[in-house]
2 protein chains.
Amino acid sequence: MTPPSMTDQGRATRGRIVAAAAALIVERGAAGTSLDDVRAATDSSKSQLYHYFGDKHGLVQAVIDHQSAVVLGAQAQALDGVCDWRDLERWADSMVAMVERQRGRGGCPIGTLAAALADTDEQFRTALNDAFNSWREAIGGALARLRDSGLLAADADLEQLITTMLAAIQGGLLLAKTSRDSTQLRIALDGAIAQLRTHGIL
Amino acid sequence: MTPPSMTDQGRATRGRIVAAAAALIVERGAAGTSLDDVRAATDSSKSQLYHYFGDKHGLVQAVIDHQSAVVLGAQAQALDGVCDWRDLERWADSMVAMVERQRGRGGCPIGTLAAALADTDEQFRTALNDAFNSWREAIGGALARLRDSGLLAADADLEQLITTMLAAIQGGLLLAKTSRDSTQLRIALDGAIAQLRTHGIL
């Protein structure tokens, strides 16, 4: 969380450092990224890092918040527009297209942080779990609209279908990143949508 | 790979160091584990680590090989016994039970290494992709037996079903680890099996 008392310039500087630290952590992992690396990449001083983040733990927490906001912002926006099966397929297509643009690299920033940090730090785990829960809500909103417009059976278990979908996203992104091939994400998402459609009415 | 010229005692020492390094890396990640950490945990010397692994890269490669052998050994054995739907469900149950024993912690050692290393080192990525491919083969063997005994339709696309299953395993384990709750793995695996069953004959 950005302290509310910060000036606009302070917020901009802090945001620039967080974005650069997030990029380093995507590349090298949280444990592989030192405060000195972040200082060098952002041309900032030790006292600036201390002022904005306190210590490395505070910086990693800021990176988790940043990645959650970026990923969840994009996902919530894309899922908010889902009203029928074609929209849902377009949403899946856009994830596959993103992985293709990155030539299979990157995976999910939240998933990568969760894999590295969920077992090492309880505060980080909770923040990453909150991010997954926000993602679940966004998927749940889309599925509820499908249900309310009569495309998905009224008695479909949305919680289960949400979990199936989010697991397919995370598993598919990890397999795509490891194979450098978006096909495995494509298949995982198609599989989750096929399973949704077994509860479909139209 | 263990050098073939090594004595039995050498192999035992090397194996002990690799197992301890693997445990440290599960806990702290590869980037967060130094050669000094490994030396301290195994009461070994710098020259021993140099002799067996060359450098940290060689040690991480040995840990990848070790985790692949452990996970794939267990998975290949469990999947080799799968001849019908009940066997497949028992295999899924055993993964959920493992996560429950670990109280949700740990995730998949291969998946965690892949999330951290696939984008940072091409040799590691290839080794981890090989591990996933071996896992795919083991799942494929089980599905082929279901098909050959008439439980799965002859025209079922096994490659797609394998990917759906492995993505459900990886996504489900990551969500279980982040939520500290095996339920999300349970649901992801049940979803993948339900999808298999849509191609089922009995």
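The values are calculated or read from the model by the stated rules, or taken from the named source; none is laboratory data. Note that this is a predicted model, so its numbers are computed, not measured. Note that we place each Cβ from the backbone using ideal geometry, even for glycine, and neighbour counts take in every protein chain shown.
Which pairs turn up if I take residues in the stretch B:112-123 that are without any contact (Cβ under 8 Å) to a residue 12 or more places away in the chain and at the interface with chain A (Cβ under 7 Å from one of its Cβ atoms) and look for partners that are charged (D, E, K, R) and outside any helix (DSSP H, G or I) with beta carbon separation below 9 Å, at least 6 apart in sequence or on another chain?
Listed pairs, sorted by first residue: B:Ala118/A:Arg105; B:Ala118/A:Arg180; B:Asp119/A:Arg105.
Name every residue in the stretch B:148-168 that is surrounded by 24 or more Cβ atoms within 10 Å (Cβ to Cβ) and either of a type in the set (Lys, Arg) or at the interface with another protein chain (Cβ under 7 Å from one of its Cβ atoms) (or both), in order of residue number.
Within the stretch B:148-168, B:Thr163, B:Thr164, B:Leu166, B:Ala167, B:Ala168 meet the criteria.
Of all residues in the stretch A:154-188, count the ones that are without any contact (Cβ under 8 Å) to a residue 24 or more places away in the chain, polar (S, T, N, Q) and either more than 19 Å from A:Glu100 (Cα to Cα) or touching an Asp or Glu at 6+ places or on another chain (Cβ under 6 Å) (or both).
Residues in the stretch A:154-188 being without any contact (Cβ under 8 Å) to a residue 24 or more places away in the chain, polar (S, T, N, Q) and either more than 19 Å from A:Glu100 (Cα to Cα) or touching an Asp or Glu at 6+ places or on another chain (Cβ under 6 Å) (or both): 1 in total.
Determine if the stretch B:119-133 includes at least one residue that is modelled with pLDDT of 95 or more, crowded, with 18+ Cβ neighbours inside 10 Å and either in contact with an Asp or Glu (Cβ under 6 Å, 6 or more places away or on another chain) or within 21 Å of B:Ile187 (Cβ to Cβ) (or both).
Scanning the stretch B:119-133, I find no residue that is modelled with pLDDT of 95 or more, crowded, with 18+ Cβ neighbours inside 10 Å and either in contact with an Asp or Glu (Cβ under 6 Å, 6 or more places away or on another chain) or within 21 Å of B:Ile187 (Cβ to Cβ) (or both), so the answer is no.
So B:Phe53 clears everything in (1) in contact with a helix residue (DSSP H, G or I) (Cβ under 6 Å, 6 or more places away or on another chain); (2) farther than 28 Å from A:Ala115 by Cα except one condition, right? Which one?
That leaves (2) as the condition not met.
Among what's in the stretch A:67-111 and is more than 28 Å from B:Glu122 (Cβ to Cβ), assigned to a loop (DSSP other than H, G, I, E, B) and in contact (Cβ under 8 Å) with a residue 40 or more places away in the chain, pick the residue that is farthest from the other protein chains (Cβ to nearest Cβ).
A:Cys83
What about A:Arg147, is it touching a residue at least 60 places away in the same chain (Cβ under 8 Å) and either part of a loop (DSSP other than H, G, I, E, B) or out of contact with any Lys or Arg (no Cβ under 9 Å at 6 or more places or on another chain) (or both)? Spell out how you get there, then give the answer.
Numbers: touching a residue at least 60 places away in the same chain (Cβ under 8 Å): no; either part of a loop (DSSP other than H, G, I, E, B) or out of contact with any Lys or Arg (no Cβ under 9 Å at 6 or more places or on another chain) (or both): yes.
No.
Check whether at least one residue in the stretch A:134-147 is touching an Asp or Glu at 6+ places or on another chain (Cβ under 9 Å), more than 9 Å from chain B (Cβ to nearest Cβ) and under 25 Å from A:Gln61 (Cβ atoms), and report yes or no.
Initially, the stretch A:134-147 is screened for residues touching an Asp or Glu at 6+ places or on another chain (Cβ under 9 Å), giving A:136, A:138, A:140-142, A:145-146.
With more than 9 Å from chain B (Cβ to nearest Cβ) added as a condition, the list becomes A:136, A:138, A:140-142, A:145-146.
After this cut, where a residue has to be under 25 Å from A:Gln61 (Cβ atoms) as well, the list is A:136, A:138.
Yes: one or more hits.
Would you be able to say whether some residue in the stretch A:188-198 is more than 12 Å from every other protein chain (Cβ to nearest Cβ) and either buried (at least 24 other Cβ atoms within 10 Å of the Cβ) or not aromatic (Phe, Trp, Tyr) (or both)?
Within the stretch A:188-198, none of the residues are more than 12 Å from every other protein chain (Cβ to nearest Cβ) and either buried (at least 24 other Cβ atoms within 10 Å of the Cβ) or not aromatic (Phe, Trp, Tyr) (or both).
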